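Some notes on the structure that comes next.
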Amino acid sequence: MAATEQTIKQVNTLGSSDYKYGFSTEVDEIRPPKGLNEEIIKFISAQKDEPEWMLEWRLNAFKVFNKLPKPQWAKLNIPKIDYQDCYYYSIPKSLKDKPKSLDEIDPEILKTYEKLGIPLKEQKMLSGIAVDAVFDSVSVATTYKKQLSDLGIVFCSISEAVKTHPELVKKYLGSVIPVSDHSFAALNSAVFTDGSFIYIPEGVRCPVELSTYFRINAMNTGQFERTLIIADKDSYVSYLEGCTAPMRDENQLHAANVELVALENAEIKYSTVQNWYPGDKEGKGGIYNFVTKRGACRGKNSKISWTQVETGSAITWKYPSCILQGDNSKGEFYSVAITNNMQQADTGTKMIHIGKNTSSKIISKGISAGKANNTYRGLVNILSKAKNARNFTQCDSLLIGNQCGAHTVPYIESSNSDSMVEHEATTSKINEDQLFYCQQRGLNSEDAVGLIVNGFCKEVLQHLPMEFAVEAQKLVAISLEGSVG
Amino acid sequence: MLEIKNLHVSIEEKKIIKGLDLSINKGEVHALMGPNGSGKSTLSYVLSGKDKYEINDGTIDYNGKNLLELDVDERANEGLFLAFQYPMEIPGVQTSFFLKTAINSKRKYLGQSEMDALEFAKLMKSKAEELNISTEMLKRDLNVNYSGGEKKKQEILQMSMLSPKMAILDETDSGLDIDALRIVSEGVNKLRNSDNSFLVITHYQRLLNYIKPDFVHIIADGKIVKSGDYSLALELEEKGYEEISQTA
């Protein structure tokens with residue numbers, strides 16, 4: 001049985017509540033007082049034994065953060081966030097002294113992972129997934145390290161990379177998303193706690209899907225991941241991030257920064273399945289998910305492909321983007337965003353064409369149910385030097401019920417007469433006759449909706465790595481439960 | 001099997017079925033013939049449970065159960081099958097996956113375990129071959145870019161895989177050329193046995209050359225106006241609806 005199937009089965013057996021991942025683990029935690037200030041940043045840096053230059057970088061980012069206003073472009077109703085009322089660092093106590101092996105890890109934590117079906121144990125290696133698991137703020141365990149290091153691949157937590165590969169971190173951290181980009185980016189730069197670091201050396205094709213499960217566990221803890229992936233010349237890597245969080249009544253802030261760098265002929269495939277707690281039916285609780293993801297195709301013929309399945313969070317605000325600097329470079333964005341009940345999503349992409357013959361493709365599928373609002377917001381910008389650039393964009397929205405909203409906001413800027421930009425968009429309601437047809441074949445109404453919506457999303461889901469496509473399909477159906485009948 | 005008594009149905013205040021009685025026993029094939037607008041398709045939708053139809057009066061008993069109290073999927077899983085006049089396209093859903101989902105929904109309803117993948121593949125292959133449906137077609141999205149005839153064959157494939165107790169064929173012959181008509185009819189005839197029943201709705205006697213009914217009913221203005229055996233269909237072909245309805 002594939003690990004993902006096990007995950008689904010395990011998760012299905014849990015459900016005493018609607019949210020299938022709504023359990024939390026009792027672990028003693030170490031954390032500084034609430035609030036955001038220089039002292040907290042110094043505390044975080046000290047906890048991580050960071051070098052001086054890293055602390056300086058954080059403090060500078062904090063100064064920038066204080067000057068920047070909150071981004072206002074999204075069609076979202078965001079309650080005022082009190083940054084002083086959040087914890088910025090929490091670490092399960094038993095991890096303070098890093099475990100040497102899985103046996104040393106708090107069994108409560110392992111149990112949590114077991115419920116999520118994360119393949120930490122040796123036997124799970126057969127499923128071909130190397131997992132760098134982030135539990136709150138610290139990486140619990142990293143599998144596959146040996147095999148990967150034999151190829152020269154670095155796959156570790158970003159805190160570890162700061163110490164072991166400072167030259168790479170210094171060179172690339174903040175090089176794709178400048179600290180001053182916007183306030184969430186600056187906030188993350190100041191207080192980021194952990195995340196993944198990947199370096200694929202020249203000419204290496206990473207033989208396994210690299211994967212991280214992020215998990216927000218402690219109450220009122222903002223989680224600020226920082227991920228940096230560098231694919232050197234002629235290399236390839238596929239990375240999958242899956243996210244689940246236990247149920248909490250208060251909103252939790254999440255502001256991640258993910259930076260990708262693809263050098264000449266390199267390819268990075270980045271897939272996300274995001275299933276954080278969306279809040280209850282009345283909109284109480286849920287994660288605020290403000291994510292900045294950006295990839296730079298720096299080298300000739302490089303390629304970056306983003307695939308995302310966003311089904312969770314109370315508010316989703318993210319625009320995974322590609323900066324197509326190298327000639328002939330390619331950017332792709334495949335997205336499924338599902339909002340149900342009171343969820344809000346404002347998501348899309350930016351494709352910045354700089355080099356010659358650059359091309360980009362955007363396929364976005366937005367599904368709205370309940371009283372939710374779902375916005376696609378995208379920018380295709382073709383600069384004057386990007387001769388012969390190409391873009392194709394397709395945005396489809398599906399509405400379930402009559403109280404939800406779908407919005408499409410494409411921005412297209414072209415400073416170049418050789419370029420070609422195509423945009424297609426559709427909005428439709430779920431077809432009653434299709435539902436009836438499926439039900440007449442024995443599917444109950446929820447299965448029928450799941451089937452039709454999965455069909456609607458197929459173009460995107462088929463870009464996910466095989467192991468996760470099944471789980472994603474299941475999630476699509478789960479997240480729409482209660483949307484009909 | 002199916003016992004319809006004094007059925008009155010309206011849609012948006014408009015009366016469509018006005019006191020219809022029909023009784024179908026196990027092992028019987030009934031043909032329901034009538035002109036456009038006589039209520040044939042409405043009856044098929046009411047039996048399968050489509051909403052927006054208001055039942056103003058009457059009862060429908062299905063194997064001892066009150067059919068009108070069952071949900072659409074419950075009726076289906078209790079063995080009631082409707083071969084649609086206009087089968088729906090479902091983009092992005094592979095035909096074979098749809099078939100598997102349908103079969104497993106029924107098995108789940110009946111408290112059985114999911115069908116083994118190999119067993120399913122074998123069943124699908126043999127049934128598809130009987131209907132001259134290519135493997136290639138089963139890999140395509142359900143009904144998307146199918147021709148009219150291909151869609152109808154697909155309906156019969158679904159029917160034969162689900163092996164219903166009570167199958168309703170709503171103008172399955174419309175849009176079929178003579179070869180497809182023969183194949184589809186053979187598919188239906190293979191399924192016929194002493195335990196199941198068919199209600200074949202059609203405009204034309206042509207289909208009944210292939211699927212020989214035990215009874216023929218003529219519906220006009222929401223009521224069955226005349227019933228008989230197969231010879232009634234031949235008489236109808238000769239005289240036309242108007243004359244038959246008047247003499248009834």
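With the condition kept exactly as written, say whether any residue in the range B:139-157 is under 18 Å from B:TYR210 (Cα atoms), among the hydroxyl-bearing types (Ser, Thr, Tyr) and more than 14 Å from chain A (Cβ to nearest Cβ). Steps first, please.
To start, the set of residues in the range B:139-157 that are under 18 Å from B:TYR210 (Cα atoms) comprises B:149, B:152-153, B:155-157.
From the residues that got through so far, the ones that are among the hydroxyl-bearing types (Ser, Thr, Tyr) too are none.
Checked against the condition, which is being under 18 Å from B:TYR210 (Cα atoms), among the hydroxyl-bearing types (Ser, Thr, Tyr) and more than 14 Å from chain A (Cβ to nearest Cβ), the range B:139-157 yields no hits at all.
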For the range B:43-61, what are the residues that are farther than 26 Å from B:LYS190 by Cα and away from chain A (no Cβ under 14 Å)?
-> B:GLU54, B:ILE55, B:ASN56, B:ASP57, B:GLY58, B:THR59, B:ILE60, B:ASP61
Verdict on B:LYS50 being basic (Lys, Arg) and touching a residue at least 60 places away in the same chain (Cβ under 8 Å) | no
Given (1) surrounded by fewer than 22 Cβ atoms within 10 Å (Cβ to Cβ); (2) within 27 Å of A:LEU461 (Cβ to Cβ); (3) of a type in the set (Asp, Glu), number of the condition B:ASP73 does not satisfy = (1)
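What tally of residues in the range A:432-446 results from selecting those that are among the charged types (D, E, K, R) and facing another protein chain (nearest Cβ under 7 Å)?
Going through the range A:432-446, the residues among the charged types (D, E, K, R) turn out to be A:432-433, A:441, A:446.
Add one more test, that the residue is facing another protein chain (nearest Cβ under 7 Å), and what stays is A:433, A:441.
The qualifying residues number 2.
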Please tell me if B:GLU114 is acidic (Asp, Glu), farther than 24 Å from B:LEU2 by Cα and either away from chain A (no Cβ under 13 Å) or surrounded by fewer than 19 Cβ atoms within 10 Å (Cβ to Cβ) (or both).
-> yes
Could you please find all residues in the range A:352-395 being out of contact with any Asp or Glu (no Cβ under 8 Å at 6 or more places or on another chain), touching a residue at least 40 places away in the same chain (Cβ under 8 Å) and within 15 Å of A:ASN416 (Cα to Cα)?
-> A:HIS353, A:ALA386
Give the residue, chosen from A:THR316, A:THR347, A:THR311, A:THR339, that is out of contact with any Lys or Arg (no Cβ under 8 Å at 6 or more places or on another chain) and closer than 13 Å to A:THR292 by Cβ.
-> A:THR316
Based on what the data block shows, is B:ASP73 under 16 Å from the mean Cα position of the chain (by Cα) and either more than 14 Å from chain A (Cβ to nearest Cβ) or over 17 Å from B:LEU169 (Cα atoms) (or both)?
-> yes
Given (1) away from every other protein chain (no Cβ under 11 Å); (2) of a type outside the set (D, E, K, R); (3) surrounded by fewer than 22 Cβ atoms within 10 Å (Cβ to Cβ); (4) not in a strand (DSSP E or B), number of the condition B:MET88 does not satisfy = (1)
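Just to be sure, is B:ALA83 of a type in the set (A, V, I, L, M), within 9 Å of chain A (Cβ to nearest Cβ) and under 19 Å from the mean Cα position of the chain (by Cα)? Working first, answer last.
Details: of a type in the set (A, V, I, L, M): yes; within 9 Å of chain A (Cβ to nearest Cβ): no; under 19 Å from the mean Cα position of the chain (by Cα): yes.
When the stated conditions are applied, B:ALA83 does not pass them.
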Out of (1) under 15 Å from the mean Cα position of the chain (by Cα); (2) small (Gly, Ala, Ser); (3) modelled with pLDDT of 95 or more, the one B:SER23 does not meet is (1)
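The values are calculated or read from the model by the stated rules, or taken from the named source; none is laboratory data. Please read these numbers as outputs of a predicted model, since none were measured by experiment. All Cβ positions, glycine included, derive from the backbone under ideal geometry; neighbour counts span all protein chains shown.
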